[in-house]
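Heads up: the structure comes next, in structure tokens.
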Amino acid sequence: MEKLLKILFLDDTPSDVDLMKNELKKVNLNYISKWVETKEDFFTEIKEFVPDIILCDYSLPSFTGMEAFRSFKEQKLQIPFILVTGNLSEQLALDCLNEGVDDFILKSSFRRVPKAIERAIEKKNVEKEKERISTELLNSQSQLRALLKKIQIVREEERAHIAREIHDELGQQLAALKMDIDWIMYKQNNPEEAVVSKLNEMLKFSDEMINTIRRISTDLRPAIIDNLGLIATLEWKCNEFEEKMRIPCQFTSTVKERKFEDHLGMNIYRILQETLTNISKHAQAKSVTVSVSENETELIMEITDDGKGVTIGRIHNGKTLGIVGMKERAGLMGGELIIAGEKNKGTQIKLKLPFKNEYTNS
Ligand SMILES: Nc1ncnc2c1ncn2[C@@H]1O[C@H](COP(=O)(O)OP(=O)(O)OP(=O)(O)O)[C@@H](O)[C@H]1O
Ligand SMILES: [Mg+2]
């Protein structure tokens, strides 16, 4: 069954209300209505009658229809509002629509009333649906962000845990194995040359394995970040990059070492790590500079290379995850990552983070 429509008339001319009702009768509209004349009654009925639509006379004795609309608008109710007026200039019509009135009807054309009601309700329903969808979208976006943040934290915790296990357990077991090999070598009388050479190989191999374990656990979570702090870790990463890639990497920092909040430090480190990996993979750069600075409100890390330069198309390629991940990390910290590049002139990555004292523990 069609829903019973509730119409509230705000009008001081009973004959006008009757004429409008007459038009509604002609189209067999299933409705009930209330009729009020004063501002007080109008707002009482909005609460008590809870209309689906309001038809308001433009010129009332104590206040105008527009005044009624403005007070009504403050209540942020999503009820369609139609102004009824004796004469309407083009300017007034524009003003009404700009203020948010849903429609207006001239008293000379009351036959428009049913159609205007139908249209205003439809319009309001579309607006409500739009608002609902955009609220839902905002909610799910913020849920997604919260989830991402949680995933990042859990991932970092897991990495730290695995790094510790690998380093402490495997590392120690290997060291014990190495001592055993040493012991066998020492205990042998008249050792056979082939056996000595084999044992030496085993010693060399276990040294290599110890180094691999160190590298893997450092990659997973550089212990230096806990021991020496973030700034020292960033500098260490630049030195490591320079040594490994044989590309000069100059590090400067005007930021004092201090205890950064754990996830903040790790995120900054991961952004530098991915940027340096990108430079080694894609840039063909001859040199790199990394600078860290701060002002009253921001912490800034800038990484510049003089390689072939990243292009907009490559940044937004929709396939790779490195840059997307860096931007996401920056966003999760409430900051932003700006990437610029020029063909054969290099790439600049700028990380800007809102820097509040709550991020640090000292
Ligand atoms: N410093 C750079 N110089 C030149 N091109 C770059 C640089 N950094 C990134 N790019 C380009 O931008 C693209 C996107 O980088 P992104 O890190 O997202 O992906 P990727 O490194 O190719 O893959 P991954 O998902 O493993 O990180 C790269 O494929 C590369 O073409
Ligand atoms: Mg990458």
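Data for the structure
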item: Extreme residue, positive dipole direction of the chain, given options H161, F42, N190 (C-beta unit charges); result: N190
item: Which of F110, F9, F205, F42 has the fewest Cβ neighbours within 10 Å, and the rest in rising order; result: F205, F110, F42, F9
item: Sequence-separation-based contact order of the stretch 157-239, relative, with Cα cut under 8 Å and 6+ spacing, percent; result: 45 percent
item: Inverse of mean 1/r across different Cα pairs in the chain, Kirkwood, Å; result: 27.4 Å
item: Order of I162, I247 - criterion: other Cβ atoms within 10 Å of each residue's Cβ, fewest first; result: I162, I247
item: Mean separation of Cα contacts under 8 Å (6+ apart) over length of the chain, as relative contact order %; result: 10 percent
item: Cα-projected label distance for L148 with R70, points at 7 Å along beta-carbon direction, nm; result: 4.3 nm
item: Contact order normalised by residue count of the stretch 2-71, Cα under 8 Å, 6+ apart, percent; result: 44 percent
item: Cα centre as origin, Lys/Arg/Asp/Glu Cβ charges: the chain dipole, Debye; result: 920 debye
item: E165, E296 arranged by Cβ crowding within 10 Å, fewest neighbours leading; result: E296, E165
item: Environment charge of P114, counting only residues whose C-beta is closer than 13 Å and scoring Lys/Arg +1, Asp/Glu -1; result: +3
item: Degrees separating the helix 322-332 axis from the principal Cα axis of the chain, which is the longest one; result: 60 degrees
item: Nearest 10 degrees, 0 to 90: helix 230-245 Cα axis against the chain principal axis; result: 60 degrees
item: Order by protection proxy (mean Cβ within 10 Å, highest first), peptides 330-339, 254-263; result: 330-339, 254-263
item: Nearest-ten-degree value, helix 193-220 long axis tilted from longest Cα axis of the chain; result: 20 degrees
item: Contour minus Cα-Cα distance for E243 and S287 (0.36 nm per residue); result: 14.6 nm
item: Net length gained if the chain between K123 and Q273 were fully extended (0.36 nm per residue, minus Cα distance); result: 48.8 nm
item: Projected label distance in nm at K3 and N200, using a 7 Å step from Cα toward the beta-carbon; result: 9.0 nm
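We did not get these values from a lab; they are worked out from the coordinates using the rules stated. From a predicted model like this one, the values you see are computed outputs, not experimental measurements. No Cβ is skipped: glycine too gets one built from the backbone with ideal geometry, and neighbour counts run over all protein chains shown.
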